[in-house]
Amino acid sequence: MLIVHVFVHVKPEFIEAFQRATLANARASVKEPGIARFDVLQSSEDPARFVLVEVYRDSEAPGAHKATAHYAAWRDAVAPMMAEPRSSSKFENRFPDDGGW
């Protein structure tokens, strides 16, 4: 398992558009065989900040995800909405065991 937290800060005028594009990407992403979860979180303190929690089944899955048409459409659609570049942190699963995802 590979868990990636993607930190996103969007321009305030694009919050709704970002949510629409990101939810469409997430709905398509969870159908990929290499993705166990794809969560979209919005900050309750700053609505322009989001965290995407991407849970991949193996190390090849992120590359497969980035090769999909829905990812490319999302990436291109949200690029002008960013207040700053996206950043991410990678994690290894400890609990629940991988079967629990």
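Across region 1-27, the number of residues qualifying as open to solvent by 30 Å² or more (accessible area, probe 1.4 Å), outside any loop (DSSP other than H, G, I, E, B) and closer than 26 Å to TRP101 by Cβ comes to 7.
Just one residue in the set GLU84, GLU32, GLU54, GLU45 is surrounded by 15 or more Cβ atoms within 10 Å (Cβ to Cβ), in a loop (DSSP other than H, G, I, E, B) and of a type in the set (D, E, K, R); that residue is GLU32.
Pairing each residue of region 4-18 that is touching a residue at least 60 places away in the same chain (Cβ under 8 Å) with any residue that is acidic (Asp, Glu) and part of a strand (DSSP E or B), provided the two are 6+ apart or on different chains, yields C-beta distances under 7 Å for VAL4/GLU54; VAL6/GLU54. Of all residues in region 57-81, those being among the hydrophobic types (A, V, I, L, M, F, W, C) and either farther than 28 Å from ALA17 by Cβ or in a loop (DSSP other than H, G, I, E, B) (or both) number 1.
Taking the criterion of being under 21 Å from ARG94 (Cα atoms) and open to solvent by 20 Å² or more (accessible area, probe 1.4 Å), the residues of region 57-69 that qualify are ARG57, ASP58, SER59, GLU60, PRO62.
The values are calculated or read from the model by the stated rules, or taken from the named source; none is laboratory data. In this text the structure is predicted, and so the values were computed from the model without any measurement. For neighbour counting, all protein chains shown are included, and Cβ atoms are generated from backbone atoms with ideal geometry for every residue, glycine included. Please note that ligands, DNA and RNA were not included when accessible areas were found on the heavy atoms of the full protein model with its side chains. Shrake-Rupley method; radii C 1.70, N 1.55, O 1.52, S 1.80 Å.
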